Each structure stands twice: as structure tokens, then as C-alpha cells.
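All of the numbers you see were taken from the coordinates with simple rules; none came from a lab. Keep in mind that what you see is a predicted model, and the values were worked out from it rather than measured. Quick reminder, even Gly has a Cβ in these numbers, built from the backbone with ideal geometry, and neighbours come from all protein chains shown.
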Amino acid sequence: MHTAQTAHIISTYSADNFGVCSALYELGGMVVIHDPSGCNSTYTTHDEPRWFTKPSLFYISALTEQDAIIGNDQRIIDDITDAARRQHPRFICIIPSQIAFLIGTDMSAIAKVIQKKTGIRTFTLPTSNMTYYERGINLALSCLAGWFTDMHPTGLPTNDHLVNLLGITPLDYSVNGSLESMRRYFAGRGMTTASWTLDTSWETIMEPDTAARENIVLSYGGLGAAHILADALHIPYRVGVPIGGQFIDVGKACAASCPSAASTGPAETPENFIIGETIYAQALALALEGSGRGHFRVIIPMESDAEIQLPDSINATDEKDLQPLLETAGTVIADPLYEPITQGCEHFIPLPHEAFSGRLYRAQIPDLISPKGYQEFLERLQV
């Protein structure tokens, strides 16, 4: 293992498998992680606040050493087929963990056999447990968007008062009132919302009476679906978040920025940083700057896309790259588990991120979408 990729102080982000699970949680399907053990329990107990209030069909295949060595795919086929016939899921999603990925298990072939046996739509996604959760959300929502366009190839009449919320899962927007605040924001502007991933259903996203006027991309996980819906059905999209009751259009800010605006040399004064998911963290940075709290550079430690990045944002995941930046910073806003590598910074403002610290600080995650929650957060800043 390269030492640059070793985290000996900070945590790591949720894996792509968990992003898939989070995106598909409420849609009535069965998700099976092809894994010996551990993935399911880690996701449900640490990263999924809905687990204790909303039922969902999540399983592991209980892959054994013998299965892996001799390629005993028949057992997983039989187990999933039996479970599906008893549970009657709307679809079946089989995703490989790192072991199934590394030994080259033919997940597509397994999915085709199960679909033929059960008559239930069965598919796989190219996860590996070695990339981060945003990629998993992106894969899952892109798949849903593809199904939607297949169901409505000629499009639907447009509802000028409906917007889709793409990429809002508890991994980035904890179950802390953020979705409700977001709905209130759009309702105050005469619009209704359809969430594709949180407090939703299959019928909500797949069987609408009319198509949305636009898609709101709230995290990188929703970007792929937005592209598909724009290309196939000409539904426009915006990239941003309503922070504190004001929509922060990250996409517009990125389009207006020029690459030369990026910082290329050492800063003359200590820089301020926010660490987090691309769209949410950049929206917060823009909101803080608009509130007179100074400029914050965003550090993006997971999958992202140049289309939605401000020119001075930094892509950095490895601890050895992050520590020099954070130890000489002015103010750092990040999950509390980053604090041990920010000992030289002037101010550390904790902003828990469920995809990073799981349930540890879940009760302390603020609702920055609401004006009240955002104002309380501003009061904690001394920039």
C-alpha cells in the first residue's frame, strides 16, 4: 500500500456501495451486496438514520472463501431468487464489494440469470468499495434517470411548478430537517418538489403526471441523472443549495469564474477552508463570503467533476496532502474527525458530515438550509 493513501489519524468517507444503498433505500427494491460480512451492518448502523424507522430490503450474500475460490455463483443466485420470491421487491440490485470486484465476479451474468428466474428487473452497478459514496449515488441515480427516460421516451407535459431534487441523501443532508426546510424554500416561491432519494417513493419519481420544470442538483451524486434527463427530455438543471433561505447557484458561480482566478502560489495570509461534498461545501463558502465572513477555499475529498468546481477549490483526499494545508489555516470548517490534523489553525469550526463520521455527531448536524439554523452557524464564526 502507498503510504500516501494511508490514513492513520483521520477517518475515511463512506464507500460507493453505501451511496448506492442510500440512493435506492426508499424505492421498494432489494439491494444485495456481494460480500462476506460487515458491509451491511456498517452501513445500516453508522450511515443510515432511516434504518430504525423505515423498512428496506438490504442483504449481503455471505460470500465464503470456498465460493470465491471455486466461483460458486449458483448459491448467490439461488439465495437471491428465493428471497425475491418471498419479498416481491420492485427491482433487485446486486453490487460487488472489493472481494467480488477483485476476483472478477461476473455480476452482469448473475443479474441476467436472476431476472430470468424471477421476472423481476435485476441489475448491477460497477461498485468496488474502493471509491467513495458520491460515485455510488451518481451511479444509482443515473440508472433511475435512464429508466425514467425509457418509460417516457417522448417526454411528458411540463409542470411549471414542479422541481426535482437530485442527490439529497442522509449521507450529505442528514435527517435533521434539511429536506423540510428545502421544501419550504421552494414552496415560498410557488413550487412543489419531488425528491428522488429522501422521503420519496417509486411512484413519486417514476410515475409523475407531468415532468418537472427543472432539476436541482444538490450533490455530485445527482449530476449524472441531471445530464441524462437534460439530454433525453430537455429538462434543464441548476447546481446549488438554498443556504439560509437563499439559493446559492454554484453552477452559475462556476460558469462565471475563469481558471486564472485560482490561487497558484502560497497565500500571504492564512487561508480559510471548508472540507466537504462539492456542491454543499461550495454553496456554504459562497454564502459565507456573501455574508461578509471572508473567503473560504473548498477542499473536496471525494469524487467530483470540473463542471461543478470553483477554480480555487482543491481536490485532496490523502492525509499527507491535507495536513500541511490545515495546520497553517486561518479558519477550518469540517467534520470534527478532521480536528486532530488542524492543530496549527487559528479556528476550527465543527460541521459534522454523516458520510465521514457516521452516527457519532449526528445529533449535532445543523440545518443550514433554514434561515434560523444558518444564522446560528454564522454566530459561531469569528472570521
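For region 293-305, 3J(HN,Hα) computed residue by residue from phi via the Karplus equation (6.51, -1.76, 1.60; θ = phi - 60°) reads 9, x, 8, 10, 8, 9, 9, 9, x, 8, 4, 7, 8 Hz, glycine and proline entered as x. Using the Cα centre of the chain as origin and beta-carbon charges of +1 (Lys, Arg) and -1 (Asp, Glu), tell me which of ILE69, ILE369, ALA84 is placed farthest towards the positive end of the dipole. The Cα lying farthest towards the positive end belongs to ALA84. Highest GNM mean-square fluctuation among ALA334, ALA68, ALA212, for the chain modelled with Cα contacts below 10 Å: ALA68. Here is how the number arises for the chain: DSSP H runs of 4 or more residues each give -39500 (n - 2.57), the sum is divided by the residue count, and the result at 222 nm is -10500 deg cm²/dmol. Computed about the Cα centre, the dipole magnitude for region 9-131 is approximately 560 debye when only Lys and Arg (+1) and Asp and Glu (-1) carry charge, each at its Cβ. Using 0.36 nm per residue and subtracting the Cα-Cα separation, the extra length available between LYS54 and ASP199 on full extension is 51.2 nm.
Lys and Arg at +1, Asp and Glu at -1: add these up for the other residues within a Cβ distance under 12 Å of SER201 and post the number.
That sum, taken over residues with Cβ under 12 Å, equals -2.
When the trypsin sites (Lys or Arg not before Pro) in region 102-146 are filtered for DSSP coil states and for at most 15 other beta-carbon atoms within 10 Å of their beta-carbon, the remaining sites are ARG121. Measuring between their Cα centroids, region 291-359 and region 116-182 lie 27 Å from each other.
Simple spin-label estimate for SER291 and THR149 gives 3.8 nm between the two label positions (7 Å along the Cα-to-Cβ direction from each Cα).
Could you pull out the longest piece of the chain with no exposed loop GluC sites (Glu not before Pro) in it, calling a site exposed if DSSP puts it outside H, G, I, E, B and it has at most 14 other Cβ atoms within 10 Å? Between exposed loop sites, the widest span is 1-267. In this structure the amide hydrogen of ILE300, modeled in the peptide plane, comes within under 5 Å of the amide hydrogens of ILE314, ASN315, ALA316, none closer than 5 places in sequence on its chain.
Over all other residues within a Cβ to Cβ distance under 10 Å of LEU325, the charged ones net out to -2, with Lys and Arg as +1 and Asp and Glu as -1. Summarising the amide proton neighbourhood of SER195: residues at separation of 5 or more, or on other chains, whose placed amide H is nearer than 5 Å comprise LEU165. LEU229 sits among other residues whose Cβ lies under 15 Å from its own Cβ, and their net charge, with Lys and Arg +1 and Asp and Glu -1, is -1.
Amide H to amide H distances under 5 Å link ILE333 with PHE273, ILE274, ILE275, ILE349, where only residues 5 or more positions off or on other chains count and H is placed in the peptide plane. Available extension along the chain between ALA83 and ARG359 is 96.4 nm, counting 0.36 nm per residue and deducting the alpha carbon span.
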